[in-house]
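Only one structure is covered here, and it is reproduced in the block below.
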Amino acid sequence: EHMVESGGGFVQAGGSLRLSCAASGRTFLLYRIGWFRQAPGKEREFVASITGGSISYELSLKGRFTMSRDDAKNTAHLQMNNLKPEDTAVYYCVGDPKSDGPYDYWGQGTQVTVSS
């Protein structure tokens, strides 16, 4: 299974970006799809995920970030509003056939840079 992110870029603080994730392969196996991010010098952290019909968010991001999934198109999206400089990171799309545990499939990542 192949995950490809797009939609990253450069934005000023307070702006918005919409990331997309295109999944290919045996996508019917992707029970979970999610997003992680990694900022320079920091560990990778969870952003959001959809498991079955349930959506989870990192608590500090809830309200600014919204994740959606379109199984018919094998895509997922992450709408990010009111972006802050601390949101600057590489964002990764992930997928997995299991309902929990480590994700098996990772994209290459897309850079998001938020200027102050």
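Which one is nearest to the chain's Cα centre (by Cα), of the residues in the range 1-11 that are under 16 Å from Lys84 (Cβ atoms) and assigned to a strand (DSSP E or B)?
Kept after step one, since they are under 16 Å from Lys84 (Cβ atoms), are these residues of the range 1-11: 8-11.
Still in the list and also assigned to a strand (DSSP E or B): 9-11.
Numbers: Gly9: 14, Phe10: 17, Val11: 17 Å.
For the range 1-11, the residue satisfying everything is Gly9.
Of all the residues in the range 37-89, those that are among the polar types (S, T, N, Q), closer than 17 Å to Ser99 by Cα and in contact with a strand residue (DSSP E or B) (Cβ under 7 Å, 6 or more places away or on another chain) number 3.
Would you be able to say whether some residue in the range 12-26 is of a type in the set (Ser, Thr, Tyr), surrounded by 14 or more Cβ atoms within 10 Å (Cβ to Cβ) and over 13 Å from the mean Cα position of the chain (by Cα)? No, the range 12-26 contains no residue that is of a type in the set (Ser, Thr, Tyr), surrounded by 14 or more Cβ atoms within 10 Å (Cβ to Cβ) and over 13 Å from the mean Cα position of the chain (by Cα). Could you tell me whether the range 29-38 includes any residue that is surrounded by 15 or more Cβ atoms within 10 Å (Cβ to Cβ), over 15 Å from Trp106 (Cα atoms) and out of contact with any Cys (no Cβ under 9 Å at 6 or more places or on another chain)? No, every residue in the range 29-38 fails to be surrounded by 15 or more Cβ atoms within 10 Å (Cβ to Cβ), over 15 Å from Trp106 (Cα atoms) and out of contact with any Cys (no Cβ under 9 Å at 6 or more places or on another chain).
Among the residues making up the range 49-87, a single one is within 12 Å of the chain's Cα centre (by Cα), within 14 Å of Gly15 (Cβ to Cβ) and open to solvent by 40 Å² or more (accessible area, probe 1.4 Å): Gln79.
The values are calculated or read from the model by the stated rules, or taken from the named source; none is laboratory data. Note that the coordinates shown come from a computational prediction; the quantities given were computed from them, not determined experimentally. Using ideal geometry, Cβ is built from the backbone for each residue, glycine included, and neighbour counts are taken over all protein chains shown. Only protein heavy atoms, including side chains, enter the accessible area calculation; ligands, DNA and RNA are left aside. Shrake-Rupley method; radii C 1.70, N 1.55, O 1.52, S 1.80 Å.
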